[in-house]
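Below is one structure, written out as structure tokens; comments come after it.
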């Protein structure tokens, strides 16, 4: 049976089937996947991992509802279920939004798709709708794998003396609400891109599309910390403010209540609005695509390759003026152009930046909501530590995103070019990478958080926090430059050298050190202006000592990634 199925898959079928197969492979394509077996393994692993999330629900919730079931308060039990259901709806919407935003360029055909597929006996509508339906089908599959096991597990956990409905009805209501929410998100984002590519001139579309993708991704990551706290929203879960008419998560939560038969008249209105919204975005996307897909194909097919943007030209001009020699300028311009051109590297930086922005926003808003500013400016306490940690935390994630992006090569020719012409460009590499870290990690983090520090603290203490964070960041940058010996984006990359759990633990300890140890030391130094001055002088001395003064004994640059020591001893490379 399995052999016949494999033989059927290997056989060529109709044009639509082959188009969907081609686009599906594009969704999972990577330089790290070299064979169909590897691709199949990656797909199965990803989908199985998504489905397994639902079976974790009983372990997370059975103690909570077991404890609530022992009490006589049925209303508290109901509000707990409602809070968790709202959490499931919001997380489903965020997960699907993240998937579609990550694969933003896979919603519709691009220039390369038309250049490759247009000469074949295929209609423009087939090329267009095949790509749209491929990502849509993947999103629907993810919704099913994420929702059905979770609904089954949750319905079994909450069944008991205080349950709201039979288990089958509870599960059906949760699946239907999550499915409608996912459909709304998928086609709302698709409709947004249809409007962008239909209304914006072709020469502006790539820039606007990339900006929209960046903003959406950062917004999704910023919303996750707030969504995680929804299971604790017992106090206001029954409230329906006027803005709930414009809140899609509440629409589909009200749909869940309606399907359970427990909705009031206002909740029924919200549920109807949710169903209508899902239908409208679906129909609008299909109709606008049917009308404009030919025009879109002509614009994309006839458009020229995007020229360099004005912002990038300004950055390159500034980089050339700041470079001391041609080799430093070459390294700097190569890294800047590659980071701007490569979508994979841009997404890596966006993810890290989004996580950093989410944590900074959560901390900053938490300080405001805690009432720390009710008595005036912040002078001491946990609020002071939280404010001091903001620039360091944002810098850490921007710096780490750049550091990881630098490890992924962009072109084998660049590796050989620098290998032949810049084998000993140690000091030039150090200066170029320092400029990138300062310009794309240090300065943005300080610029984004400095106004908040100067507003919520006395001016001298806010200035002290900014200078302290900048000097600590320079120490981190100098430490990284001293312990790295590769030109960014050129060294070969061996993935999977460390377990992801170990990596997560390392990041957790790093964030803990930044938010506790360094900020505690910073708060001690910021007790009065004299201490602050002494701490700044001490940090300036350390930064000055860390800067290299000679490169006589500097090691040669490395252009090939090194395997783990346990693997290197096997002699697999014949060395």
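Among 144-155, 270-281, what's the highest-first ranking by average C-beta atoms within 10 angstrom per residue?
144-155, 270-281
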If the chain between residue 112 and residue 475 were fully extended at 0.36 nm per residue, the gain over the current Cα-Cα distance would be 126.3 nm
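Relative to the present Cα-Cα distance, how much length would full extension add between residue 15 and residue 346 at 0.36 nm per residue of separation? Let's see the in-between values first.
On the way: separation 331, 0.36 × 331 = 119.16 nm, distance 3.34 nm.
Result: 115.8 nm gained on full extension.
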Provide 293, 20, 13 in ascending order of the number of other Cβ atoms located within 10 Å of each residue's Cβ, fewest first. 13, 20, 293
Two pseudo-spin positions, 7 Å from Cα along C-beta at residue 368 and at residue 320, lie apart in nanometres by 4.3 nm
Inter-label distance, nm, simple model (7 Å from Cα along the C-beta direction), residue 48/residue 105: 3.1 nm
R0 of 22 Å, Cβ-Cβ distance residue 537-residue 517: FRET efficiency to nearest 0.05: 0.60
Pseudo-spin-label distance residue 232 to residue 168, built 7 Å along Cα→Cβ, given in nm, is 3.9 nm
For Cα Rg over 2.2 N^0.38 Å, several values are listed as [x] 1.10; [y] 1.04; [z] 1.59; flag the one computed from this structure. [x]
Length gained, residue 125-residue 558, 0.36 nm per residue minus C-alpha separation, equals 151.0 nm
Given R₀ = 30 Å, what would the calculated FRET efficiency be for residue 219 paired with residue 287, taking r from the Cβ atoms and rounding to 0.05? 0.65
Rounded, prolate or oblate for the stretch 375-444? Axes are the square roots of the Cα gyration tensor eigenvalues, ordered a ≥ b ≥ c, and the cut-off for rounded is a/c under 1.5. prolate
Which FRET efficiency value, to the nearest 0.05, is calculated for residue 195 and residue 242 with the Förster distance at 30 angstrom and r the Cβ-Cβ distance? 0.65
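Read the figures in this text as sums done on the coordinates, not as results from a lab. Being a predicted model, the structure only gives us computed values, none of them experimental. Here Cβ is always computed from backbone atoms with ideal geometry, including for glycine, and neighbour counts include all displayed protein chains.
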